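Just so it is clear, none of the values below were taken in a lab; they were calculated from the coordinates. Quick caveat, the model's predicted, so the values are computed rather than measured. All Cβ positions, even for glycine, are placed from backbone atoms using ideal geometry, and neighbour counts span all protein chains on display.
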Amino acid sequence: MEKRIAVLPGEGIGPEVIAQAVKTLRAIEKKFGHHFILTEGLIGAVAIDATGNPFPKETLDLCNSSDAILFGAIGHPKYDNDPQAKVRPEQGLLAMRKQLDLFANIRPVKTYKQLSGASPLKENIVKGIDFVVLRELSSGIYFGEPRGKSHEEAFDTCRYTRKEILRITELAFTYAKARKKKVTLVDKANVLATSQLWREVVAEYAKSHPDITLETMYVDSAAMKLILNPAHFDVILTENLFGDILTDEASVITGSLGMLPSASTGSRISLYEPIHGSFPEAAGKDQANPLATILSAAMMLELSFGLVEESNSINKAVEEAIENNIRTEDIGGSSSCSAVGDYVAARVAS
Ligand code: IPM
Ligand code: MG
């Protein structure tokens, strides 16, 4: 199989973790006889420095002419210390989501037996956790207009259309069908009009899918439940901002933000990225955990290219790395980022 992959390393630890995922993809090529054409593009602060634009037209064109996108991380301290900055790296990520219509962010949360000690939560709570969050990604308060800010006042708009809610609901139910057949809609319907529309649309859709159990939960209560009893969940369906917050919270269950991969799927192309950020303090030190990015590459092989066996071979190699203590510091090991990448690639190739 021949596929074109746009590779957007971004900044901070982005390039290091992407390099390990690329190694793994090269091992897959060799082992299974595929050909991946990898082309790098600029996004985030590096793109601002080079072009003035955090998501330049060349990068958009590259994405549009590719079969999938592998993305590292963006965010740079020089902008974090200046919230007034006119252009920010994060705008590149949001522009990419909007322009490529990446409306569904899929974030699986799974615990590994050997890492149950790495979580700050009690072992009996995190044991065998396996759920997935479907976060709406291209609308809501992240994009709603009007928005504004003066010296005295600021406002944002949270807006959702029936169509936007429906398309991610369909995906959530498809996921639930292949899993434990339960969808938990997380909202704030006791306060927000948008949440009330979500409830209406999702409940209506659920009527034609009686094999799936639909449950609704307020976001404050869901935040608590995620920590007290994460085993309760199968598929969490939620809007953009709630999904952002809950998935960072959920990463604590697995022991490290460095373990969680994600896929952002759209009507045409999908993007794969670790859920962690650019972690500037660790940049260039070869100590970041590359597993979230490597697992994101595995998601790409399965979801975008239908290469299930290839994808599983990466997942298995990651399990072996954890089992054999080839781990970075965040999950209780002392291996470097590149040593973990070398190990996983070698296991895939063997
Ligand atoms: C994420 C990140 C982004 C978001 C930031 C960097 C804009 O936190 O992908 O979860 O809020 O969506
Ligand atoms: Mg986030």
**Message:** About the Cα centre, and with charges only on the beta carbon of Lys, Arg (+1) and Asp, Glu (-1), how big is the dipole of the chain? Nearest 20 debye, please.
**Reply:** 760
**Message:** Quick check: Cα centre of region 131-183 to Cα centre of region 86-120, how many Å?
**Reply:** 14
**Prompt:** Using a ≥ b ≥ c from the Cα gyration tensor of region 120-207 (square roots of the eigenvalues), is it rounded, prolate or oblate, where a/c under 1.5 gives rounded and otherwise the larger of a/b and b/c decides, a/b for prolate?
**Reply:** oblate
**Complete:** Row for the chain, column shape: gyration tensor on C-alpha, a ≥ b ≥ c, rounded if a/c < 1.5 i.e. under 1.5, prolate if a/b over b/c, else oblate; value rounded
**Asked** Per the Debye formula with a single identical scatterer at each Cα and no solvent contribution, what log10 I(q)/I(0) holds for region 1-109 at q = 0.16, 0.18 Å⁻¹?
**Response** -0.76, -0.93
**Asked** LYS122 to SER208: extension gain in nm, 0.36 nm per residue of separation minus the Cα-Cα distance?
**Response** 27.1 nm
**Asked** Sorted from fewest to most neighbouring beta carbons within 10 Å, what does the list ASP82, ASP187, ASP342 look like?
**Response** ASP82, ASP342, ASP187
**Complete:** For LEU94 and GLU319, extending 7 Å from Cα along the Cα-Cβ vector and measuring point to point gives, in nm, a value of 4.0
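Do any trypsin sites (Lys or Arg not before Pro) in region 216-289 lie in a loop, going by DSSP, with at most 15 other beta-carbon atoms within 10 Å of their beta carbon, and if so which?
Sites meeting the loop and neighbour criteria: ARG268, LYS285.
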**Item:** Paramagnetic label zone (point 7 Å from Cα along Cα-to-C-beta, SER350; backbone N under 13 Å) in region 293-317
**Value:** 316-317
**Prompt:** For the pair ASP220 and ASN81, how long in nm is the line joining their label points, each one 7 Å along Cα→Cβ?
**Reply:** 3.7
**Prompt:** Would you list VAL318, VAL201 from fewest to most Cβ contacts within 10 Å?
**Reply:** VAL201, VAL318
**Complete:** Applying the gyration tensor rule to the Cα atoms of region 73-174 (axes a ≥ b ≥ c; rounded if a/c under 1.5, else prolate if a/b exceeds b/c, else oblate), the class is oblate
